[in-house]
Amino acid sequence: MSEQQDVDRWASVLGNDAQADGKFLYAVKTTGIYCRPSCRSRPPRRENVVFFASVEEAKHAGFRPCKRCRPDGLPRSADKADRIARACRLIQESEKAPQLSVLAEQAGMSRFHFHRLFKQAVGMTPRQYAIACRDERVRAALADGQRVTDAVFGAGYESSGHFYAVGSRSLGMAPESYRSQGADHVIRFAIGETRLGAILVAGTTRGICAITMCDDPDVLIKQLQDSFACAELIGGDPEFEAHVAAVVGFVERPANGLDLPLDIQGTVFQQRVWRALQQIPCGETASYTEIAERIGAPKAARAVARSCASNLLAIAIPCHRVVRSDGELSGYRWGIARKRDLLDREAKSAVSSREQTTAAD
Ligand SMILES: [Zn+2]
(Lines give C-alpha, C1' and ligand atoms only; values in the text may rest on other atoms or scores of the structure.)
Protein backbone atom coordinates (compact mmCIF):
# COMPACT_ATOMS: atom_id res chain seq x y z
CA MET A 1 0.00 0.00 0.00
CA SER A 2 1.53 3.28 -1.07
CA GLU A 3 2.32 6.02 1.39
CA GLN A 4 0.56 8.55 -0.80
CA GLN A 5 -2.61 6.48 -0.63
CA ASP A 6 -2.48 6.54 3.17
CA VAL A 7 -1.94 10.30 3.13
CA ASP A 8 -5.02 10.73 0.91
CA ARG A 9 -7.03 8.42 3.12
CA TRP A 10 -6.05 10.30 6.25
CA ALA A 11 -7.10 13.55 4.59
CA SER A 12 -10.49 11.99 3.80
CA VAL A 13 -10.91 10.94 7.42
CA LEU A 14 -10.08 14.40 8.72
CA GLY A 15 -12.44 15.93 6.18
CA ASN A 16 -15.32 13.48 6.94
CA ASP A 17 -15.36 12.85 3.21
CA ALA A 18 -18.55 10.95 2.33
CA GLN A 19 -17.20 10.46 -1.21
CA ALA A 20 -14.60 8.11 0.24
CA ASP A 21 -17.22 5.90 1.90
CA GLY A 22 -17.14 2.42 0.45
CA LYS A 23 -13.58 2.89 -0.82
CA PHE A 24 -11.84 2.13 2.45
CA LEU A 25 -12.36 1.95 6.22
CA TYR A 26 -10.20 3.15 9.07
CA ALA A 27 -9.77 1.55 12.46
CA VAL A 28 -8.52 2.97 15.73
CA LYS A 29 -6.12 0.70 17.59
CA THR A 30 -6.84 2.22 21.01
CA THR A 31 -10.61 1.70 20.81
CA GLY A 32 -10.72 -1.44 18.66
CA ILE A 33 -13.39 0.16 16.46
CA TYR A 34 -13.50 0.73 12.71
CA CYS A 35 -15.36 3.53 10.88
CA ARG A 36 -16.36 4.91 7.53
CA PRO A 37 -14.23 7.86 6.36
CA SER A 38 -17.25 10.15 6.80
CA CYS A 39 -17.82 9.19 10.45
CA ARG A 40 -18.50 12.23 12.62
CA SER A 41 -16.86 10.74 15.70
CA ARG A 42 -13.87 12.61 17.20
CA PRO A 43 -10.83 12.27 14.90
CA PRO A 44 -8.31 9.81 16.34
CA ARG A 45 -4.56 10.38 16.54
CA ARG A 46 -2.89 9.49 13.28
CA GLU A 47 -0.48 7.02 14.88
CA ASN A 48 -3.42 4.95 16.20
CA VAL A 49 -5.09 4.59 12.80
CA VAL A 50 -4.90 1.67 10.39
CA PHE A 51 -6.68 1.45 7.03
CA PHE A 52 -8.61 -1.44 5.56
CA ALA A 53 -10.03 -2.02 2.10
CA SER A 54 -13.05 -3.99 3.30
CA VAL A 55 -15.25 -4.83 6.27
CA GLU A 56 -13.93 -8.40 6.13
CA GLU A 57 -10.34 -7.23 6.55
CA ALA A 58 -11.23 -4.98 9.47
CA LYS A 59 -13.21 -7.75 11.16
CA HIS A 60 -10.47 -10.24 10.49
CA ALA A 61 -7.99 -7.95 12.22
CA GLY A 62 -10.23 -8.02 15.30
CA PHE A 63 -11.97 -4.63 15.05
CA ARG A 64 -15.63 -3.97 15.83
CA PRO A 65 -17.92 -1.76 13.74
CA CYS A 66 -18.66 1.76 14.98
CA LYS A 67 -22.25 2.12 16.20
CA ARG A 68 -22.46 5.64 14.90
CA CYS A 69 -21.51 5.26 11.22
CA ARG A 70 -22.34 1.55 11.00
CA PRO A 71 -19.58 0.70 8.52
CA ASP A 72 -20.81 -2.89 8.22
CA GLY A 73 -24.30 -1.76 7.24
CA LEU A 74 -25.59 -0.52 3.94
CA PRO A 75 -24.35 2.80 2.60
CA ARG A 76 -26.16 5.84 3.96
CA SER A 77 -28.09 6.37 0.76
CA ALA A 78 -29.72 2.98 1.29
CA ASP A 79 -30.12 3.51 4.99
CA LYS A 80 -33.82 4.36 4.94
CA ALA A 81 -34.62 1.41 2.72
CA ASP A 82 -32.64 -0.72 5.12
CA ARG A 83 -34.65 0.54 8.08
CA ILE A 84 -37.92 -0.16 6.27
CA ALA A 85 -36.67 -3.64 5.37
CA ARG A 86 -35.89 -4.24 9.05
CA ALA A 87 -39.38 -3.10 9.97
CA CYS A 88 -40.81 -5.54 7.42
CA ARG A 89 -38.81 -8.35 8.96
CA LEU A 90 -39.99 -7.40 12.43
CA ILE A 91 -43.61 -7.49 11.25
CA GLN A 92 -43.08 -10.82 9.51
CA GLU A 93 -41.59 -12.36 12.62
CA SER A 94 -44.18 -11.06 15.10
CA GLU A 95 -47.30 -13.06 15.74
CA LYS A 96 -49.23 -9.95 16.73
CA ALA A 97 -48.78 -6.88 14.54
CA PRO A 98 -46.29 -4.55 16.31
CA GLN A 99 -47.57 -1.10 17.27
CA LEU A 100 -46.73 1.72 14.92
CA SER A 101 -44.90 3.52 17.73
CA VAL A 102 -42.70 0.47 18.30
CA LEU A 103 -41.86 0.15 14.61
CA ALA A 104 -41.14 3.86 14.28
CA GLU A 105 -38.89 3.84 17.31
CA GLN A 106 -36.96 0.84 15.99
CA ALA A 107 -36.44 2.68 12.72
CA GLY A 108 -35.40 5.83 14.56
CA MET A 109 -38.11 7.93 12.95
CA SER A 110 -41.22 9.77 14.00
CA ARG A 111 -44.44 7.79 13.62
CA PHE A 112 -45.65 10.07 10.88
CA HIS A 113 -42.39 9.94 8.94
CA PHE A 114 -42.06 6.20 9.33
CA HIS A 115 -45.65 5.56 8.23
CA ARG A 116 -45.23 7.70 5.14
CA LEU A 117 -41.87 6.20 4.22
CA PHE A 118 -43.13 2.64 4.81
CA LYS A 119 -46.15 3.14 2.60
CA GLN A 120 -43.99 4.71 -0.08
CA ALA A 121 -41.51 1.83 -0.05
CA VAL A 122 -43.86 -1.13 0.46
CA GLY A 123 -47.03 0.06 -1.25
CA MET A 124 -49.20 -0.51 1.80
CA THR A 125 -49.38 0.69 5.38
CA PRO A 126 -47.61 -1.24 8.16
CA ARG A 127 -51.03 -2.46 9.33
CA GLN A 128 -51.99 -3.72 5.90
CA TYR A 129 -48.61 -5.34 5.59
CA ALA A 130 -49.08 -7.09 8.93
CA ILE A 131 -52.43 -8.47 7.73
CA ALA A 132 -50.84 -9.66 4.50
CA CYS A 133 -48.09 -11.42 6.45
CA ARG A 134 -50.59 -13.09 8.72
CA ASP A 135 -52.51 -14.19 5.66
CA GLU A 136 -49.37 -15.66 4.16
CA ARG A 137 -48.95 -17.71 7.31
CA VAL A 138 -52.50 -19.03 7.01
CA ARG A 139 -51.86 -20.01 3.41
CA ALA A 140 -48.57 -21.65 4.24
CA ALA A 141 -50.19 -23.61 7.05
CA LEU A 142 -53.07 -24.66 4.81
CA ALA A 143 -50.66 -25.72 2.08
CA ASP A 144 -48.94 -27.68 4.81
CA GLY A 145 -52.14 -29.60 5.37
CA GLN A 146 -53.27 -27.99 8.62
CA ARG A 147 -56.95 -27.60 9.37
CA VAL A 148 -58.41 -24.16 8.71
CA THR A 149 -59.05 -23.34 12.35
CA ASP A 150 -55.55 -24.45 13.39
CA ALA A 151 -53.99 -22.46 10.58
CA VAL A 152 -56.06 -19.40 11.40
CA PHE A 153 -55.24 -19.43 15.11
CA GLY A 154 -51.64 -20.42 14.49
CA ALA A 155 -51.16 -17.40 12.27
CA GLY A 156 -52.27 -15.04 15.01
CA TYR A 157 -55.93 -14.47 14.27
CA GLU A 158 -58.19 -14.19 17.27
CA SER A 159 -60.93 -16.31 15.70
CA SER A 160 -61.83 -17.78 12.36
CA GLY A 161 -64.54 -15.14 12.07
CA HIS A 162 -61.84 -12.53 12.47
CA PHE A 163 -59.89 -14.23 9.70
CA TYR A 164 -62.86 -14.17 7.33
CA ALA A 165 -63.55 -10.58 8.32
CA VAL A 166 -60.10 -9.11 7.80
CA GLY A 167 -57.93 -11.83 6.29
CA SER A 168 -56.89 -12.19 2.73
CA ARG A 169 -57.87 -8.73 1.64
CA SER A 170 -54.55 -7.04 1.16
CA LEU A 171 -52.43 -9.94 0.00
CA GLY A 172 -49.38 -8.44 -1.63
CA MET A 173 -51.48 -5.78 -3.22
CA ALA A 174 -51.50 -2.04 -2.99
CA PRO A 175 -54.80 -0.77 -1.57
CA GLU A 176 -55.81 0.79 -4.88
CA SER A 177 -55.58 -2.44 -6.85
CA TYR A 178 -57.17 -4.37 -4.04
CA ARG A 179 -60.19 -2.10 -4.08
CA SER A 180 -60.54 -2.48 -7.81
CA GLN A 181 -60.45 -6.25 -7.52
CA GLY A 182 -63.73 -6.33 -5.69
CA ALA A 183 -62.59 -6.16 -2.12
CA ASP A 184 -65.95 -4.67 -1.25
CA HIS A 185 -67.58 -7.96 -2.21
CA VAL A 186 -68.89 -10.21 0.47
CA ILE A 187 -69.00 -13.89 -0.44
CA ARG A 188 -71.13 -16.22 1.65
CA PHE A 189 -70.57 -19.93 1.52
CA ALA A 190 -71.63 -23.23 3.00
CA ILE A 191 -70.30 -26.76 2.65
CA GLY A 192 -72.29 -29.96 2.22
CA GLU A 193 -71.54 -33.65 1.88
CA THR A 194 -72.36 -35.79 -1.13
CA ARG A 195 -71.25 -39.23 -2.20
CA LEU A 196 -68.70 -37.34 -4.35
CA GLY A 197 -67.15 -35.79 -1.22
CA ALA A 198 -67.49 -32.30 0.19
CA ILE A 199 -69.20 -29.69 -1.96
CA LEU A 200 -68.91 -25.95 -1.44
CA VAL A 201 -71.48 -23.44 -2.64
CA ALA A 202 -70.57 -19.76 -2.49
CA GLY A 203 -72.30 -16.66 -3.68
CA THR A 204 -72.48 -12.91 -3.85
CA THR A 205 -75.66 -10.84 -3.58
CA ARG A 206 -76.01 -11.37 -7.35
CA GLY A 207 -76.08 -15.15 -7.16
CA ILE A 208 -73.96 -18.26 -6.80
CA CYS A 209 -70.40 -17.66 -7.96
CA ALA A 210 -68.76 -20.98 -7.11
CA ILE A 211 -69.67 -24.64 -6.70
CA THR A 212 -66.62 -26.78 -6.06
CA MET A 213 -65.88 -30.30 -4.95
CA CYS A 214 -63.08 -31.95 -3.02
CA ASP A 215 -62.64 -34.66 -0.41
CA ASP A 216 -61.26 -32.13 2.05
CA PRO A 217 -63.55 -29.22 2.99
CA ASP A 218 -60.57 -27.19 4.22
CA VAL A 219 -59.06 -27.32 0.75
CA LEU A 220 -62.34 -26.06 -0.68
CA ILE A 221 -62.21 -23.01 1.58
CA LYS A 222 -58.60 -22.36 0.67
CA GLN A 223 -59.41 -22.59 -3.04
CA LEU A 224 -62.33 -20.22 -2.58
CA GLN A 225 -59.97 -17.81 -0.90
CA ASP A 226 -57.54 -18.13 -3.80
CA SER A 227 -60.23 -17.58 -6.42
CA PHE A 228 -61.66 -14.53 -4.67
CA ALA A 229 -58.58 -13.28 -2.87
CA CYS A 230 -60.00 -9.82 -2.26
CA ALA A 231 -63.44 -10.79 -1.07
CA GLU A 232 -64.61 -11.05 2.48
CA LEU A 233 -65.66 -14.67 3.08
CA ILE A 234 -68.45 -15.49 5.49
CA GLY A 235 -68.95 -19.16 6.21
CA GLY A 236 -71.88 -21.23 7.44
CA ASP A 237 -74.54 -18.93 6.04
CA PRO A 238 -78.05 -20.37 6.65
CA GLU A 239 -79.43 -18.91 3.42
CA PHE A 240 -76.81 -20.89 1.61
CA GLU A 241 -77.60 -24.14 3.30
CA ALA A 242 -80.71 -24.22 1.08
CA HIS A 243 -78.62 -23.82 -2.08
CA VAL A 244 -76.24 -26.52 -0.87
CA ALA A 245 -79.23 -28.79 -0.28
CA ALA A 246 -80.38 -28.18 -3.88
CA VAL A 247 -76.94 -29.03 -5.27
CA VAL A 248 -76.57 -32.09 -3.06
CA GLY A 249 -80.05 -33.20 -4.10
CA PHE A 250 -79.12 -32.85 -7.76
CA VAL A 251 -75.93 -34.87 -7.31
CA GLU A 252 -77.94 -37.69 -5.69
CA ARG A 253 -80.92 -37.53 -8.07
CA PRO A 254 -79.97 -35.74 -11.28
CA ALA A 255 -82.72 -34.13 -13.30
CA ASN A 256 -82.92 -31.53 -16.02
CA GLY A 257 -82.03 -28.08 -14.86
CA LEU A 258 -80.58 -27.10 -11.53
CA ASP A 259 -82.51 -23.93 -10.92
CA LEU A 260 -80.17 -21.63 -9.03
CA PRO A 261 -79.43 -17.93 -9.44
CA LEU A 262 -75.89 -17.82 -10.85
CA ASP A 263 -73.38 -14.99 -10.69
CA ILE A 264 -71.24 -16.03 -13.65
CA GLN A 265 -67.89 -14.27 -13.80
CA GLY A 266 -65.74 -14.82 -16.86
CA THR A 267 -64.68 -13.47 -20.21
CA VAL A 268 -67.24 -13.06 -22.97
CA PHE A 269 -65.94 -16.20 -24.68
CA GLN A 270 -66.10 -18.23 -21.47
CA GLN A 271 -69.64 -17.06 -20.86
CA ARG A 272 -70.66 -18.17 -24.38
CA VAL A 273 -69.15 -21.59 -23.76
CA TRP A 274 -70.75 -21.93 -20.35
CA ARG A 275 -74.16 -20.95 -21.68
CA ALA A 276 -73.81 -23.62 -24.37
CA LEU A 277 -72.95 -26.17 -21.68
CA GLN A 278 -76.15 -25.34 -19.84
CA GLN A 279 -78.07 -26.33 -23.01
CA ILE A 280 -76.77 -29.91 -22.90
CA PRO A 281 -79.65 -31.96 -21.45
CA CYS A 282 -79.11 -34.15 -18.43
CA GLY A 283 -78.14 -37.65 -19.58
CA GLU A 284 -76.44 -36.42 -22.77
CA THR A 285 -72.91 -35.33 -23.63
CA ALA A 286 -71.29 -33.14 -26.26
CA SER A 287 -67.74 -32.97 -27.59
CA TYR A 288 -65.49 -29.91 -27.34
CA THR A 289 -65.75 -29.54 -31.13
CA GLU A 290 -69.55 -29.66 -31.01
CA ILE A 291 -69.63 -26.92 -28.38
CA ALA A 292 -67.20 -24.87 -30.47
CA GLU A 293 -69.55 -25.25 -33.44
CA ARG A 294 -72.62 -24.39 -31.38
CA ILE A 295 -71.12 -21.08 -30.28
CA GLY A 296 -70.10 -20.28 -33.85
CA ALA A 297 -66.37 -20.74 -33.32
CA PRO A 298 -65.74 -24.15 -34.96
CA LYS A 299 -61.95 -23.85 -34.74
CA ALA A 300 -61.93 -23.01 -31.05
CA ALA A 301 -62.25 -26.54 -29.57
CA ARG A 302 -59.11 -26.05 -27.47
CA ALA A 303 -60.33 -22.72 -26.13
CA VAL A 304 -63.62 -24.46 -25.31
CA ALA A 305 -61.67 -27.09 -23.36
CA ARG A 306 -59.84 -24.35 -21.48
CA SER A 307 -63.13 -22.62 -20.64
CA CYS A 308 -64.49 -25.91 -19.31
CA ALA A 309 -61.38 -26.30 -17.18
CA SER A 310 -61.83 -22.84 -15.70
CA ASN A 311 -65.50 -23.29 -14.86
CA LEU A 312 -66.01 -22.54 -11.19
CA LEU A 313 -69.66 -23.61 -11.09
CA ALA A 314 -69.54 -27.41 -11.04
CA ILE A 315 -72.79 -29.19 -11.95
CA ALA A 316 -74.75 -25.91 -12.37
CA ILE A 317 -72.67 -25.30 -15.49
CA PRO A 318 -72.35 -28.94 -16.50
CA CYS A 319 -68.83 -29.04 -17.89
CA HIS A 320 -68.82 -32.73 -16.93
CA ARG A 321 -71.11 -33.31 -19.95
CA VAL A 322 -68.34 -32.36 -22.38
CA VAL A 323 -66.24 -35.28 -23.61
CA ARG A 324 -63.76 -35.92 -26.39
CA SER A 325 -65.01 -36.54 -29.94
CA ASP A 326 -64.11 -40.24 -29.61
CA GLY A 327 -66.26 -40.50 -26.48
CA GLU A 328 -63.32 -40.56 -24.04
CA LEU A 329 -64.12 -38.64 -20.88
CA SER A 330 -61.08 -36.36 -21.14
CA GLY A 331 -60.28 -34.22 -18.09
CA TYR A 332 -62.42 -32.79 -15.34
CA ARG A 333 -61.49 -30.03 -12.99
CA TRP A 334 -62.83 -31.97 -10.00
CA GLY A 335 -61.44 -35.36 -10.95
CA ILE A 336 -62.27 -37.87 -13.65
CA ALA A 337 -63.90 -40.25 -11.14
CA ARG A 338 -66.48 -37.60 -10.24
CA LYS A 339 -67.12 -36.92 -13.93
CA ARG A 340 -67.75 -40.60 -14.60
CA ASP A 341 -70.00 -40.89 -11.57
CA LEU A 342 -72.07 -37.86 -12.55
CA LEU A 343 -72.46 -39.01 -16.16
CA ASP A 344 -73.40 -42.57 -15.16
CA ARG A 345 -76.04 -41.39 -12.76
CA GLU A 346 -77.42 -38.83 -15.22
CA ALA A 347 -77.64 -41.47 -17.95
CA LYS A 348 -79.57 -43.80 -15.62
CA SER A 349 -81.94 -41.07 -14.46
CA ALA A 350 -82.59 -40.05 -18.10
CA VAL A 351 -83.47 -43.67 -18.95
CA SER A 352 -85.79 -44.03 -15.95
CA SER A 353 -87.54 -40.72 -16.65
CA ARG A 354 -88.11 -41.87 -20.29
CA GLU A 355 -89.57 -45.11 -18.98
CA GLN A 356 -91.85 -43.18 -16.64
CA THR A 357 -93.04 -41.00 -19.54
CA THR A 358 -93.71 -44.12 -21.62
CA ALA A 359 -95.59 -45.76 -18.74
CA ALA A 360 -97.74 -42.66 -18.27
CA ASP A 361 -98.72 -42.75 -21.96
ZN1 LIG B 1 -17.80 5.63 13.10
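Summed over the range 244-271, residues that are within 17 Å of ALA347 (Cβ to Cβ) and open to solvent by less than 20 Å² (accessible area, probe 1.4 Å) total 3. Just one of the numbered conditions (1) modelled with pLDDT of 85 or more; (2) open to solvent by 30 Å² or more (accessible area, probe 1.4 Å) is not true of LEU196: (2).
Residue-by-condition table, conditions (1) farther than 30 Å from ALA337 by Cα; (2) at pLDDT 75 or above; (3) outside any strand (DSSP E or B):
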position	(1), (2), (3)
PHE163	yes, no, yes
ARG188	no, yes, no
LEU200	no, yes, no
ALA229	no, no, yes
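Being within 41 Å of the chain's Cα centre (by Cα), among the polar types (S, T, N, Q) and open to solvent by 40 Å² or more (accessible area, probe 1.4 Å) is a description that does not apply to GLN4.
Does GLU293 fit the bill of being at pLDDT below 90 and outside any loop (DSSP other than H, G, I, E, B)? Here the answer is yes, as GLU293 does meet what is asked. When only residues in the range 272-290 that are touching a Gly at 6+ places or on another chain (Cβ under 9 Å) and part of a helix (DSSP H, G or I) count, which is most open to solvent (accessible area, probe 1.4 Å)? Per the stated criteria, the residue is ARG272.
The values are calculated or read from the model by the stated rules, or taken from the named source; none is laboratory data. All of these numbers come straight from a predicted model, not from anything done at the bench. Here Cβ is always computed from backbone atoms with ideal geometry, including for glycine, and neighbour counts include all displayed protein chains. Side chains are part of the model used for accessible areas, which takes the heavy atoms of the whole protein and leaves out ligands, DNA and RNA. Shrake-Rupley method; radii C 1.70, N 1.55, O 1.52, S 1.80 Å.
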